[in-house]
Amino acid sequence: MTNAEKAFSLRLYKCLLQDAADMCNCSNATKLAQDYLVLKSRLLNEGHCFLTETLPSWGKALDRALSSGSSLDTGVKPGSDQRPHFMRSFWSEVFDDDGQLLPDPSIACVRALRQVLYLYYKYRLPYAQTKVDKTLNAFIQVEEELAVKSDDDFND
């Protein structure tokens, strides 16, 4: 992702965060600024993967919890607060500290979370070569393990 693309993405998310806050009637300037700084820091440190992988994975966790009525699981260590720090004020209107769905969750906050989390879900960007190599190596390792297992089964 080029610097121009990062700058565009940051401007886009800044506007989207403001719209989300307006939609949910929670226009706390400090919290919005914190969310923007978290987004900016993660984008600059992690690159586009934060937008195309991390945020959508949180969106999927949100959808799973809503559809099944189970607790939120964002991949954080069990026993910890599962709500991401990013957009915490929105998450707090939907889930409690333990990740349980609130009795009367804010539909506007669910809508806002989904808009922000899925914005770059289908955005196609090239993967870093290290990620491609790691994925291919993992695939090859599984194939080799399956071949050994099937050879062992055949010899038995």
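A few remarks follow.
- Only one of Ser71, Ser41, Ser106 that is modelled with pLDDT of 85 or more and in contact with a Gly (Cβ under 8 Å, 6 or more places away or on another chain): Ser71
- Residue count for region 42-57, restricted to those that are more than 15 Å from Tyr121 (Cα to Cα) and either among the acidic types (Asp, Glu) or surrounded by 12 or more Cβ atoms within 10 Å (Cβ to Cβ) (or both): 3.
- Some residue of region 17-25 being among the polar types (S, T, N, Q), more than 17 Å from Cys109 (Cβ to Cβ) and surrounded by 12 or more Cβ atoms within 10 Å (Cβ to Cβ): no
- Unmet requirement for Ser9, which otherwise passes all of (1) at pLDDT 90 or above; (2) small (Gly, Ala, Ser); (3) under 21 Å from Phe95 (Cα atoms): (3)
- Hey, Asp81 surrounded by 12 or more Cβ atoms within 10 Å (Cβ to Cβ) and closer than 20 Å to Arg111 by Cα or not: no
- Hits in region 46-99 - residues which are more than 11 Å from the chain's Cα centre (by Cα) and of a type in the set (Ser, Thr, Tyr): Ser67, Ser68, Ser70, Ser71, Ser80, Ser89, Ser92
The values are calculated or read from the model by the stated rules, or taken from the named source; none is laboratory data. No experiment lies behind these values; they were computed from the predicted model shown. A quick note on method: Cβ atoms are made from the backbone with ideal geometry, for glycine too, and the neighbour counts reach across all protein chains shown.
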